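Novice: Handing you a structure now.
The values are calculated or read from the model by the stated rules, or taken from the named source; none is laboratory data. Predicted model, so just to flag it, every value in this text is computed and none were measured. Positions of Cβ are backbone-derived with ideal geometry, glycine not excepted, and every protein chain shown enters the neighbour counts.
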Amino acid sequence: MAATDAPMIAYVLRKFPVLSETFVLNEMLALEAAGVRLHVFSLLRPNDPRFHENLPKLKANVSFVPDLTDIRKLLRHHGRLWARKPRSYTRTALYAVGRGRGSLLWRFVQAGYIANEVSRLRIRHLHAHFAHDPTTVALLASGLSGVPFSFTAHAVDIYKAGVSRRLLAGKIDAARFVVTVSDFNKRYLGNVAPRAADKVVRIYNGIDLERFAPNGTMPQAPFRIVTVARLVEKKGLLVLVEACRLLRDRGVPFACDIIGKGIMRPVIERRIKEAGLRKHVRLLGPRTQDEVRERYHASHLYVLPCIVAANGNRDGLPVSLVEALASGLPVVTTPVTGIPEVVRDRHNGLLVPSGDPAALADAIESLVGDAELYGRLARTARASVARAFDQRETVTALRSLLAGAAA
């Protein structure tokens, strides 16, 4: 089938592009390389001045859903929908109104724009990333247009306090299929919607193994730690800072770079200052994927001490762990959610109890001082992810699901 004859798939995203969600862009680029025609609907306009360096390679057109300042345009789209499909429109409108939530009414308004564009662009399937707002809009747009939808569930969208298991189960029931990023998540979603558990498919977030690979050189002293994460509670970065204080007090030579941005930056900065760690720990802010790759090559160890946040938020399976391992770095992390699916203790990294700075410091110190252990973990790092997280394989699985839904 020629690329121009392939059915068009639309991605529904909360905001695009987002530097911290490069996995979404990478997935779309890989799908396009496999011959899939894509369109993107973004519910919000981006406000991040830095974008992924591969963004210009994306062929898909991006439509930004109008906001309340353009309500007349939105209402015109709803008028066309009502005229074309009055029964579907009435049924979906009654569903949105009957829930009694103002936020759902706004999602319905947004969905009307997408549903109208689905018809105009001859889109055959909708796929959302994250089970909250984008999936709600995709569900409503599906009801309005008759085009099926699916979604990928990650972590904050299913675990955070306030997420309704009943509403999540309804989305799983209504979806053609559901992708999630770890077996841990798959079991959880199966428990949320037991009647539709067979719809849930685990597909890891794959990476480009050619982009993330060892460069064959040993980083310079001192022992260099790198962390790539949003600066939010679930990443455990305050635990990391306290572990760094313990290492400094023990006389362990090290430097630690933290890449990323987030709401906890002022708190982390203050803790670094209070602990007298400015010479040891740096907050580098957001970086592009090429810059992250260079930082992996300049480091000895990747550390990510994930925790379950007070509001229930947690990681699904951080892509940065896979990138670091593929780059030849051993990792030190915690056995939260799906992490043990990629990190095996004393095989390609070390697992320490969540929220335990002393245990984290002990693990890092053991790798600084034990060249044999460090070398063994480093030698197995890349091979441990080379098969299960090869983007070519993961995208093939997703492409098959999308093709079946759009047929």
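Novice: Just for the stretch 220-236: of the residues that are without any contact (Cβ under 8 Å) to a residue 60 or more places away in the chain and of a type in the set (A, V, I, L, M), which one is surrounded by the most Cβ atoms within 10 Å (Cβ to Cβ)?
Specialist: Among those residues, the one meeting the criterion is Leu231.
Novice: Determine whether Leu105 is assigned to a helix (DSSP H, G or I) and either within 19 Å of the chain's Cα centre (by Cα) or surrounded by fewer than 21 Cβ atoms within 10 Å (Cβ to Cβ) (or both).
Specialist: yes
Novice: Next up: Which of the residues spanning the stretch 145-204 are surrounded by fewer than 21 Cβ atoms within 10 Å (Cβ to Cβ), of a type in the set (S, T, N, Q) and in a loop (DSSP other than H, G, I, E, B)?
Specialist: Answer for the stretch 145-204, where residues must be surrounded by fewer than 21 Cβ atoms within 10 Å (Cβ to Cβ), of a type in the set (S, T, N, Q) and in a loop (DSSP other than H, G, I, E, B): just Ser164.
Novice: Let me ask something additional. Report those strands (runs of 3 or more DSSP E) wholly inside the stretch 274-372 carrying at least 3 residues which are surrounded by fewer than 17 Cβ atoms within 10 Å (Cβ to Cβ) and in the same structural domain as Cys244 (by TED's automatic domain parsing).
Specialist: 281-285
Novice: Further question on the same structure: Within the bounds of the stretch 212-219, is there any residue that is buried (at least 19 other Cβ atoms within 10 Å of the Cβ), outside the structural domain of Ser354 (by TED's automatic domain parsing) and either within 23 Å of the chain's Cα centre (by Cα) or assigned to a helix (DSSP H, G or I) (or both)?
Specialist: Yes, there is a match, as at least one residue in the stretch 212-219 is buried (at least 19 other Cβ atoms within 10 Å of the Cβ), outside the structural domain of Ser354 (by TED's automatic domain parsing) and either within 23 Å of the chain's Cα centre (by Cα) or assigned to a helix (DSSP H, G or I) (or both).
Novice: Do the conditions hold for Arg399, that is, is it under 24 Å from Val179 (Cβ atoms), assigned by TED's automatic domain parsing to the domain that holds Tyr11 and of a type in the set (Lys, Arg)?
Specialist: Against the criterion (under 24 Å from Val179 (Cβ atoms), assigned by TED's automatic domain parsing to the domain that holds Tyr11 and of a type in the set (Lys, Arg)), Arg399 qualifies.
Novice: Can you name the condition, by its number, that Leu140 falls short on among (1) over 22 Å from Ser42 (Cβ atoms); (2) surrounded by 14 or more Cβ atoms within 10 Å (Cβ to Cβ)?
Specialist: Only one criterion is unmet by Leu140, namely (1).
Novice: Any idea which of Gly100, Gly112 is modelled with pLDDT of 95 or more and either at positive phi or assigned by TED's automatic domain parsing to the domain that holds Asp133 (or both)?
Specialist: Of Gly100, Gly112, the one residue that is modelled with pLDDT of 95 or more and either at positive phi or assigned by TED's automatic domain parsing to the domain that holds Asp133 (or both) is Gly112.
Novice: So, Val239, is that one part of a loop (DSSP other than H, G, I, E, B), touching a residue at least 12 places away in the same chain (Cβ under 8 Å) and among the hydrophobic types (A, V, I, L, M, F, W, C) or not?
Specialist: no
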